[in-house]
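Beneath this line is the structure, given in structure tokens, with notes to follow.
The values are calculated or read from the model by the stated rules, or taken from the named source; none is laboratory data. This structure is a prediction, so every number in the text was calculated from the model and none was measured. Positions of Cβ are generated from backbone atoms using ideal geometry, with glycine treated the same way; all protein chains shown enter the neighbour counts.
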Amino acid sequence: MKKSFKVLKMKKPNLFIVGPQRSGTTSLHNYLGEHLEIFMSELKEPGFFSDFKSTQVVKTLKEYQKLFKDVKNERIIGESTPWYISSPNAPKKLYKFNPKAKIIIMVRDPNEGLLSLFKTLLLRGDIRDDVLYWEIYNHKINIDRFKKVFPSNQILLIDFKDFTKNTKKVYQRVLKFLKCKYDGKEDFPLRGKSYKPKSKILNNLHNFVIFRPKLKSFLKIFIPKSIAKKFVKLNLVVWKTPLNIKQK
């Protein structure tokens, strides 16, 4: 069933931050959300326009609207979903929803990005069967899809290296792209989560199971999904570190 975007009146989002996970989308989402002229959804990664069912946290237009019910006088209304970058139909869906929307695409070196992403996903036990992870970092194909749909003046590319080396400068460039005034922001702490296992033995056992589908299916008969998730959570330590130590 095709989603219809004409049903209800709403203050439509006019900004979408896309790009692979582990490329700075969470940090940028939160920095912009602190700006007085910008409203960013409290829920990050709603996935409403994603092609991958397992990433669609918000499934209906009514639920999607609720994300923006607290919008007041903000000129820019946005959300961030990394999965849009590798969803073949996402650019057309976003354009149909709001042809005037601005798109910020975060990019990162594929080797570094995939390594960081898989480390995180393995630790969290969050490997999804319907997602082709190597396509997330296929920058040329993914970016070209957006360029074929949206005018070039509505797309901004941000390289992760630039973002981490001089966050303030990139932040100011984003505000200029959105036609918002610089708010004097100087503090740019990391907002994404990183993970490390408490027990290497338990982590290796978990990874051993994940990459053996038959064993995984067999264990599902005896171990409920909720219990498996609790096991993974209990074995993780979450920590945050500064995105960059010195701002220029």
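Segment 5-99 holds helices (runs of 4 or more DSSP H) entirely within its bounds, and those carrying 1 or more residues that are in contact with a Gly (Cβ under 7 Å, 6 or more places away or on another chain) and crowded, with 16+ Cβ neighbours inside 10 Å map to 25-33.
Return the only residue of 140, 193 being at pLDDT below 60 and surrounded by fewer than 17 Cβ atoms within 10 Å (Cβ to Cβ). Break it down stepwise before answering.
On the way: 140 fails: at pLDDT below 60.
Sole residue among the options that is at pLDDT below 60 and surrounded by fewer than 17 Cβ atoms within 10 Å (Cβ to Cβ): 193.
Determine if segment 105-120 includes at least one residue that is surrounded by 15 or more Cβ atoms within 10 Å (Cβ to Cβ), under 16 Å from the mean Cα position of the chain (by Cα) and at pLDDT 95 or above. Yes, segment 105-120 contains a residue that is surrounded by 15 or more Cβ atoms within 10 Å (Cβ to Cβ), under 16 Å from the mean Cα position of the chain (by Cα) and at pLDDT 95 or above. The residues on offer are 185, 169, 147, 176, and the sole one that is out of contact with any helix residue (DSSP H, G or I) (no Cβ under 9 Å at 6 or more places or on another chain), closer than 27 Å to residue 100 by Cβ and either touching a residue at least 60 places away in the same chain (Cβ under 8 Å) or not in a loop (DSSP other than H, G, I, E, B) (or both) is 176. The condition (being within 24 Å of residue 174 (Cα to Cα) and in contact (Cβ under 8 Å) with a residue 24 or more places away in the chain) is satisfied by just one residue among 54, 80: 80.
Residues checked against (1) at pLDDT below 60; (2) over 24 Å from the mean Cα position of the chain (by Cα); (3) on the phi > 0 side of the Ramachandran plot:
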residue: 156; (1), (2), (3): no, no, no
residue: 162; (1), (2), (3): no, no, no
residue: 168; (1), (2), (3): no, no, no
residue: 176; (1), (2), (3): no, no, no
residue: 201; (1), (2), (3): yes, yes, no
residue: 209; (1), (2), (3): yes, yes, no
residue: 222; (1), (2), (3): no, yes, no
